[in-house]
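Notes follow once the structure below has been shown.
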Amino acid sequence: MCARKETEPAPDWSDYRGVFVYVEQRGGEAKKVSWQLLGEGKRLANKLDVDLIALVIGDEVEHLAREAIYYGADKVFLCEAPELKAYRTRPYSRIAMKVIGEAKPEICLFGATGTGRDLAGAIATHLPTGLTADTTELDVEPPPSRLLLASRPAFSEKMMATILCKQYRPQMATARAGVFQALPRDVSRQGEIVRVANGMSEEQMATQVLDFIQGQATLNLEEAEIIVAGGRGLGGPEPFAMLKELADALGGVVGASRAAVDAGWIKHAHQVGQTGCTVRPKLYFAIGISGAVQHTVGMSGSEVIVAINKDPEAPIFQTAHYRIVGDLFKIVPALTEQVKKKRAAGMPGKADQTGSASVKPEEALLSERGEGR
């Protein structure tokens, strides 16, 4: 918490108004967390009766400035230049600080990604101001204080800490992907796009990007539309191969509870929950997962949740939309077989990144009888 002595007068921050969101992109494609933050930023801006401001930096990314308006921004600052195609801390942070200095937003939000953390940290250091990292809840106090209430898990995820920055502006925070809800894309929305000049030449930049080598595809739970997650009920690491077969058939990825990860059955990158990833897929399978609150807070925003557990009183059933009580070692293979049959029959689905067709969640659910919540 940024504190001040009680004898000191409260700073005058009347010049700082507005909520600012950095739209992170790579190769001209925005990260989903950017649209999620615009949705949350709009909610905060409405409570404070101010504009929602966005910043887009890159090369040939004007379409993202328009998208930012469609997702809730009232004004978008756009900086385009060939030397900004790849993210580098120095030029991006200088552009962001220039925009923040001119727009004077009272709140600045960034995704808690590798890039977002790096950029927000550099900006907060140079301004200087406070920065709350990896927030999962955001709110604001009403005027006159207008304080950002940035909350995040603390003390080994056993409690929530709400952090304030009373002495400096803007108030800054990074937020986890999948926590907040993006607004519906509205192409009828109108907004202002302000172009910003890049003040640095390639020769002035401390680093050079010689090449970008695309590595093997890595797991990205936060972007996945279908997740098949397993927990302690699997009994060991081998059954995760069974879950992967179902995930592959659906065009999804494999997730896990903390208990499965702590047992060493699967890598931490697969973990969903407070100490893992917060996800908002269209379809989430919770298989052999009891439903501890540390897990459910990370997946409760899923559009459709299907729980499979032999215990009819398992807490996960309180969160699930569809409940299947029984032996997961019989149910999962049967469900996988039905999904494969539907795919073989040419059932329409959405193509995933590898080009294979994936089953629509609501159609996949027809393969097994579930008990509604």
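Bear in mind these aren't lab numbers, they're just calculated from the coordinates by the rules spelled out. The structure presented is a predicted model; accordingly, all values stated were derived computationally and were not measured. Virtual Cβ from ideal backbone geometry, glycine too; neighbours counted across all protein chains shown.
Key figures for this structure:
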read-out	value
Mean residue ellipticity (222 nm) of the chain, computed from DSSP H runs ≥ 4 via -39,500 (n - 2.57), nearest 500	-7500 deg cm²/dmol
Loop sites in region 133-242: chymotrypsin sites (Phe, Trp or Tyr not before Pro), DSSP, at most 13 other Cβ within 10 Å	PHE155, PHE212
Efficiency of FRET between ALA334 and HIS268 - r from beta-carbon atoms, R0 41 angstrom, step 0.05	0.85
Under 5 Å, built H, 5+ apart or other chain: amide partners of THR135	THR174, ALA175, ARG176
FRET efficiency for ASP134 and ARG90, using Cβ-Cβ distance with R0 set to 22 Å, rounded to 0.05	0.35
For region 268-284, Karplus couplings with θ = phi - 60° (6.51, -1.76, 1.60), whole Hz, Gly/Pro x	4, 4, 8, 6, 10, x, 4, 9, x, 9, 9, 10, 9, x, 6, 9, 10
Cα centroid of region 213-263 to Cα centroid of region 75-112, whole Å	35 Å
Residues in region 74-103 reached by a label modelled at GLU223 [backbone nitrogen below 19 Å; 7 Å Cα→Cβ]	85-88
Length released on extending from ASP49 to ASP186, taking residue separation times 0.36 nm less the Cα-Cα span	47.3 nm
Under 5 Å, built H, 5+ apart or other chain: amide partners of GLY252	none
Entry for volume of the Cα convex hull per residue in Å³ (calculated from the structure that is shown) out of (i) 151; (ii) 320; (iii) 163	(iii)
Stretch in the chain that is longest and holds no GluC sites (Glu not before Pro) that DSSP places in a loop and that have at most 16 other beta carbons within 10 Å	158-302
